[in-house]
Each structure stands twice: as C-alpha cells, then as structure tokens.
Amino acid sequence: MSPDPLYIRMHTSDNVAIVANDGGLAPGATFADGLSLREHVPQGHKVALVDLPKGSAVLRYNVVIGHALKDIPAGSWVHERLLEMPSARELDNLPMATVRPPVPPPLEGYTFEGYRNPDGSVGSRNILAITTTVQCVAGVVEFAVKRIKDELLPRFPNVDDVVGLEHSYGCGVAIDAPDAIIPIRTLRNITQNPNFGGEVMVVSLGCEKLQPERLLPPGSIAIADERNAADAALDVVCLQSEDHVGFMSMIDSIMATALPHLERLNARRRETVPASELVVGVQCGGSDAFSGVTANPAVGFATDLLVRAGATVMFSETTEVRDGIAQLTSRASTPEVAEAMIREMAWYDAYLQKGRVDRSANTTPGNKQGGLSNIVEKAMGSIVKSGSAPISGVLSPGEKVKQKGLIYAATPASDFICGTLQLAAGINLHVFTTGRGTPYGLAEVPVIKVATRSDLARRWHDLMDVNAGRIADGNASIEEVGWELFHLMLEVASGRKKTWAEHWKLHNALVLFNPAPIT
C-alpha cells in the first residue's frame, strides 16, 4: 500500500509546499486538506497551495523566493520556469545585532580523545602532511607519498596517514598582487591544521614564485620540534638542488626527511579533552529542497549543541547565504561583527560583477532537479545549518580562526574551495550535507556525510553516515537526529569510528581560491 500523499510546508504563511513522497505524486493525488494535484509533481518540488495570480509573491520559509510569471492555479507544480527571481537585498539599512535570543545553559561533561598540539589546538587525527610550494612538484610528491605509505608508515602505528598538500598555485601568478595574500595565507594556514601535529615539511621545486620562506616566514608557524624553533624548523626538500641526481634521489630525500616527522608523530597519544576543543566546519553540496527541511536543520541543532559546549563551528558559502544577509546581520553578536559580514558580502558582490555574472549562476541542474528553483530558495535552506546561536566572528578567505562560538568563514560556494578554506581556518572535523548525493571527502580531516532523503541513504548506504531523511518520513525529529550527529562527531573525533569517506579513502584535491590575475 502506497503512503498517503504528503507535503511539507515550512511556515504557516507559505503559499507553496514541497511533495514529500518518494517518486513524487501523479495528477489527481489528493492531500489530507483536500488539495488535489493538477499535474505530476516530482518529490521535493513545490505545489501551489492556493491560486497564485500573475505577479504575486511566492513564499517559502516565509520568504519571497520569486514572483509568478503567469497565473498558477492551486495544485499546480511551481518550478523555476514559472518564477521571476527577486532582486538581492541591498547591503545598507540592515538590522545590526538586533536578535537577542535567551542564553541556553552550557552543555557540560562531553569529551573526546584528541591529540594536543604545541600551539594549544587539538587534532582529531595524527597525520603527516607534506606541503608543496608549487603544482610542478605534485607528481613527485604523489610518488613519494605512496612509497612512504608502503614502506615507512607500517612502522608507525600511531600515525593515521600521510598526505601531500597538492594545489595549482605557486607560479604563473601575479604573486605580488593585493589579492595574492588569499591563496598564500590559505596554504600557510592549511600547513598548520590541527590534524598535522605541528610537523612542518615542505617540498619545493626551486624556481617558483612562491618560495618556501615566503610561504612560511620565520615566526609564522608553531612547530613541533622545539630544538629547531630558532630557525622556524623549515624542513624543505628542493628538487632542483644539486644534491639530487636522478628521480629516485628526490624520492629518497623526501622519504629521509619524512622519517623524523613520522617518529615524533608516532610518539603522540590521544588524551581526553573537552568538547570545546572541536572546530567543526559545516557545508552542503548537491543540495535539494529537502536540505532545508531535514539535514540542515539537524546540523543546525547540532551546531547549537556544539556552541553550548564551548566549541567552534563555522559556516560558509557566501553566494548561498547572500540572500539571507538580513537574517545574519541581525544575529551578529555585535554591530562590528555585522559590519564584517556586510564587507564580505560586498566584496563578493564586486567579485561577481567583475566576472560579469550574478548570483543566479550558483544553482546547478541538480539543485533544480531536486526542487530548488533559485538561489533565494537555496539560501534559506543553507542558512539553517548555522542554528540559532549568535554569530560571534567573521573570517575572510584563508584566515585562521582564533575564537570560540559560531563563526562565519567567508568562502565561495564551491564544495572544494569551501572545504579548502575551512581547512585553512583550522577545522578538525567536517560535516557535509547532500540531497542529490556526492562522494566528496577530505584527506586532511574526517568528513561526516548527512543525507537529506531516505532514498539517497538507502541507495548510498556505504557513503552516507547519517540519514536525516527520517525526519521527512516521520520516523525521527530534528532534535533526535541533531543529538545523534553530535554524539557521532565525538566518536569520529576520538578515532573510535571512521566515516565512510575515510573507509573508502575518498578525498578531493585542494583548490586554492585565487582572485589575483594569472600571468
């Protein structure tokens, strides 16, 4: 027996709702309130709850997501071709730090087992990262990393992995352009991610513009080997060195340099630390109309729990929250934080204008197939990952977090660039929600994947870690899934549980955000 027709309405003022049933609903399907469909409506897509005259506002989340381009009778499928997207909210006269929610009690007594670092940060993994100054050395480093994993890593059971920090920057770029600071500080701060234990090892070509001393100048890093602190312990293998005769000499040199780093990492042990040492990045990709109904609200609930526990949580994706800027500035802890968010939005508006594109370029064919008509609707579902806590700080792209609480880390919406920039900001754990499905992963931190729909969770049963689709099915509440995710984060951070992405060793390449000219 097929389930009764069901729609999900996000707010009592909404005049559209999304179809919840797997496979969508056929013409004539009648809901409990008597509304009948005039045509087939796919799962996750919107149905008009009332007659929508031409030009009238279409509301979801109690937000105008568009205006009807023609008369839309009740029971009709409301899709992007029937909507005119509203203009973006101007960045002046915004509410500034006006929301003052009740302060919830601290969440105490929660801990995880992590690796304490020389700079005071805590890692969830114990990884040797090999930083590269330029893409030219990527192939050599990849070969060396494989050798290290095969021949050296088995001797060091307390080291989780060895990763090469490959990227496409370092040469052929305007290295002195003002915006070049973004990719340079991004790579510098990734090198110091908490999961790398303060061990710094660099492979350089020799002739590149991004020289090791420019990437990691003295005093810019907290190092693990205090014996070499005076000279910043820059352990550099330069491939163009005259000491290297032949390819295998380069590999031998990299392996020999890696050895003392592996020895020091192997001597480290996990220790019990408070949940306040978690630094969690939240992100969504392959979003659908259920993202803002199931997975993202559950992540938002978990975000509030983490903030109550004293942890750091960062949300990002400037183009995916730009249309909710008034919600964000009102939640800022101070007017100064609100102004910082506005500056990031203005910078990105100018960036898009320079490229002669607008925010409508964000939504993908998959987003639309999943029921999201435009970036306004997508933004409303994206923002809820941030929960309800005050926003206590703002990071520009590539900057490192230095405070607790809920942080807005400005990044593009690209999964890979956002993940790279959150790594630079200092995350030790990543939570990624998806509705359409993506095998996204990061080699540097564990990635917990949350499915928005039960159908996706069933089909991708060995890729999704949490099924938030149970919320739409009526089998779990947002709070229940949020608590489940919170406990899972502690288990994963402690190394007691691996994510599916870790199990399959799925990871995407780092992508440095480089708005500076290419030369």
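The values are calculated or read from the model by the stated rules, or taken from the named source; none is laboratory data. Predicted, not measured: the structure shown is a model, and the values here were computed from it. Don't worry about glycine lacking a Cβ; one is built from the backbone with ideal geometry, like all the others, and counts go over all protein chains shown. We work out accessible area using only protein heavy atoms, side chains counted, and drop any ligands, DNA or RNA first. Shrake-Rupley method; radii C 1.70, N 1.55, O 1.52, S 1.80 Å.
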Mind checking which pairs have a first residue in the stretch 388-407 that is at pLDDT 95 or above and a second that is open to solvent by 30 Å² or more (accessible area, probe 1.4 Å) and part of a strand (DSSP E or B), Cβ under 8 Å, 6 or more apart or different chains? 403/392; 404/392; 405/392; 406/392; 407/392; 407/394
Would you point out which residue out of 33, 22 is over 30 Å from residue 332 (Cα atoms) and more than 34 Å from the chain's Cα centre (by Cα)? 33
Taking the stretch 216-252 and keeping only residues that are surrounded by fewer than 19 Cβ atoms within 10 Å (Cβ to Cβ) and either of a type in the set (Asp, Glu) or modelled with pLDDT under 60 (or both), one is left with 225, 226, 227, 228, 229, 230, 231, 232, 242, 243, 252
Every residue from the stretch 73-105 that is assigned to a loop (DSSP other than H, G, I, E, B), open to solvent by less than 40 Å² (accessible area, probe 1.4 Å) and farther than 19 Å from residue 325 by Cβ: 74, 75, 76, 79
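Taking the stated definitions as given, is residue 194 crowded, with 18+ Cβ neighbours inside 10 Å, within 27 Å of the chain's Cα centre (by Cα), at pLDDT 95 or above and over 24 Å from residue 514 (Cβ atoms)?
yes
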In the stretch 455-468, what count of residues is obtained for those that are assigned to a loop (DSSP other than H, G, I, E, B) and surrounded by 18 or more Cβ atoms within 10 Å (Cβ to Cβ)? 4
The number of residues in the stretch 413-426 that are over 27 Å from residue 461 (Cβ atoms), out of contact with any Pro (no Cβ under 7 Å at 6 or more places or on another chain) and part of a helix (DSSP H, G or I) is 5
State yes or no: is residue 510 open to solvent by less than 40 Å² (accessible area, probe 1.4 Å), in a helix (DSSP H, G or I), closer than 25 Å to residue 194 by Cα and not basic (Lys, Arg)? no
Would a scan of the stretch 118-138 turn up a residue that is among the hydroxyl-bearing types (Ser, Thr, Tyr) and surrounded by fewer than 19 Cβ atoms within 10 Å (Cβ to Cβ)? no
Got at least one residue in the stretch 427-444 being in contact with a Pro (Cβ under 6 Å, 6 or more places away or on another chain) and part of a loop (DSSP other than H, G, I, E, B)? yes
Residues in the stretch 161-187 that are under 22 Å from residue 429 (Cα atoms) and touching a residue at least 40 places away in the same chain (Cβ under 8 Å) total 10
Considering only strands (runs of 3 or more DSSP E) wholly within the stretch 266-358, the ones with at least 3 residues that are touching a helix residue (DSSP H, G or I) at 6+ places or on another chain (Cβ under 9 Å) and crowded, with 24+ Cβ neighbours inside 10 Å are 279-284, 312-315
Pairs with Cβ under 7 Å, 6+ apart, first in the stretch 452-480 and free of Cβ contacts under 8 Å to residues at least 12 places away in the same chain, second open to solvent by 40 Å² or more (accessible area, probe 1.4 Å) and in a helix (DSSP H, G or I): 476/470
Which residues, taken from the stretch 42-64, are under 31 Å from the mean Cα position of the chain (by Cα) and not in a loop (DSSP other than H, G, I, E, B)? 46, 47, 58, 59, 60, 63, 64
Regarding the stretch 27-35, can at least one residue be identified that is in contact with a helix residue (DSSP H, G or I) (Cβ under 6 Å, 6 or more places away or on another chain) and either modelled with pLDDT under 95 or over 21 Å from residue 64 (Cα atoms) (or both)? no
Of the listed residues (278, 265, 259), the one being more than 31 Å from the chain's Cα centre (by Cα) and under 23 Å from residue 122 (Cα atoms) is 259
Of the conditions (1) within 18 Å of the chain's Cα centre (by Cα); (2) farther than 26 Å from residue 422 by Cα, the single one that residue 492 does not satisfy is (2)
Quickly run through the stretch 469-505 and pick out the residues that are surrounded by fewer than 18 Cβ atoms within 10 Å (Cβ to Cβ) and of a type in the set (A, V, I, L, M, F, W, C). 483, 504
